[in-house]
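Novice: The structure under discussion is supplied below as structure tokens; questions concerning it will follow.
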Amino acid sequence: MNSPISISYATSPPRLSGELILSVRDLSVSFDSPDGIVHAVNGVSFELHSGECLGIVGESGSGKSVTMMSLVGLIPSPPARIDSGFAVLRDGAWEADLLAMPRSQLRRVRGGTVGFVFQDPLSALNPTMRVGRQIAESVQKHRGLDPNEARAEALELLSAVGIADPERRYGNYPHEFSGGMRQRVMIAIAMAGDPPIVIFDEPTTALDVTVQAQIVQLVKSRLQKERGTAIVWITHDLAVVAGIADRVAVMYGGTVVETAPVDEIYARPQHPYTEGLLAAIPSAEADINTRLASIEGSPPDLLVELSCCPFQPRCTRAFDRCLQAVPPLFKVGNAHHSACFYDMVADRPRA
């Protein structure tokens, strides 16, 4: 197995946009539970390129967070286990399979090669450590700076994420920050090792829309444009995805059911589930008495091993073939794929 990928730091030039940096193939993850085996992720595949933002959307329980956390060893094992797949991380001439790495190597990858920003920063931050020290600790671990250099870098990062008076704020504890400021601190920690990939796990869910917009703008300007960082943005909020993502992967029942450039997926959804999600978004032009669209039925039971289309019980276009096999991702346009046996463009079952 290859050594972990070497990383560049903030003093180096931005990474070249468009280079393939992560390739995930056939990832399946399950959990042992008192009721049986939970098939949380089922054959997920996707690619990530430097400088782009991949939005992963879907309802709760669709496998979004488990997919990304499993790549860096953040799922508890047991009860979780990775049943199949590989996740090749590349940086220049280096490459390594994240799923085959021992935990000792993964600890160096986390933060240094793959940063992670969690949904609840108050739980993720250490309540007994001053905020600046938490950032400096990450700088020291992944970049080998001495304590004075790490402190100076932490102050610079606090300023970079828009926290005023960083000298004073360096000595504050997490509970002394607002929710939006705590999330900025989490982003500073993720930036500390200058990783080529940063994963955001529903980072704006608990924030008001104004702060959401500020966080999105911060990520786009500081990480994507200035550093060429590849972003994975996990969310159930389609409005946020429209404002930050370059490409979108829609997940349902532990599978990827559609992938496309962001504009394409909003203009021409090619999977009934994506179509249903978009139809459920409230419209400012709609009559006040208009009833919102909804997707009838319930999400699939993940205790049942996947053997057919997971969306079939809720789909208005389902037919016999949907009960016989799991649909692959069909190419339905330029960089657009849909896991559906029904051709929504031709309005008929696929040949």
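Novice: Condition check: open to solvent by 20 Å² or more (accessible area, probe 1.4 Å), farther than 17 Å from GLY61 by Cα and modelled with pLDDT under 95. Does PRO300 satisfy that?
Specialist: Criteria not met by PRO300.
Novice: Which residue pairs have Cβ atoms closer than 6 Å, lie 6 or more positions apart in sequence or on different chains, and pair a first residue in segment 319-337 that is closer than 20 Å to GLU47 by Cβ and in contact (Cβ under 8 Å) with a residue 40 or more places away in the chain with a second residue that is buried (at least 18 other Cβ atoms within 10 Å of the Cβ) and of a type in the set (Gly, Ala, Ser)?
Specialist: LEU329/ALA339; VAL332/SER338; HIS336/ALA260
Novice: Among GLU176, GLU156, which is more than 23 Å from SER123 (Cα to Cα), open to solvent by 80 Å² or more (accessible area, probe 1.4 Å) and out of contact with any Phe, Trp or Tyr (no Cβ under 7 Å at 6 or more places or on another chain)?
Specialist: GLU156
Novice: Please state which one of ALA293, ALA284, ALA267, ALA280 is at pLDDT below 90, of a type in the set (Gly, Ala, Ser) and open to solvent by 60 Å² or more (accessible area, probe 1.4 Å).
Specialist: The unique qualifying residue is ALA284.
Novice: I would also like to ask the following. Residues in segment 238-264 that are of a type in the set (A, V, I, L, M), farther than 20 Å from SER45 by Cα and open to solvent by less than 60 Å² (accessible area, probe 1.4 Å): how many?
Specialist: Counting residues in segment 238-264 that are of a type in the set (A, V, I, L, M), farther than 20 Å from SER45 by Cα and open to solvent by less than 60 Å² (accessible area, probe 1.4 Å) gives 4.
Novice: What strands (runs of 3 or more DSSP E) lie completely within segment 76-143 and have 2 or more residues being under 17 Å from the mean Cα position of the chain (by Cα)?
Specialist: Once the strands (runs of 3 or more DSSP E) in segment 76-143 are filtered for at least 2 residues that are under 17 Å from the mean Cα position of the chain (by Cα), what remains is 80-91, 114-117.
Novice: Give segment 187-208 a look and list any residue that's modelled with pLDDT of 85 or more and open to solvent by 10 Å² or more (accessible area, probe 1.4 Å), or say none.
Specialist: ILE189, ASP201, GLU202
The values are calculated or read from the model by the stated rules, or taken from the named source; none is laboratory data. Computed from a predicted model, the values in this text were never measured in an experiment. Positions of Cβ are backbone-derived with ideal geometry, glycine not excepted, and every protein chain shown enters the neighbour counts. Protein only, heavy atoms only, side chains kept; ligands, DNA and RNA dropped before computing areas. Shrake-Rupley method; radii C 1.70, N 1.55, O 1.52, S 1.80 Å.
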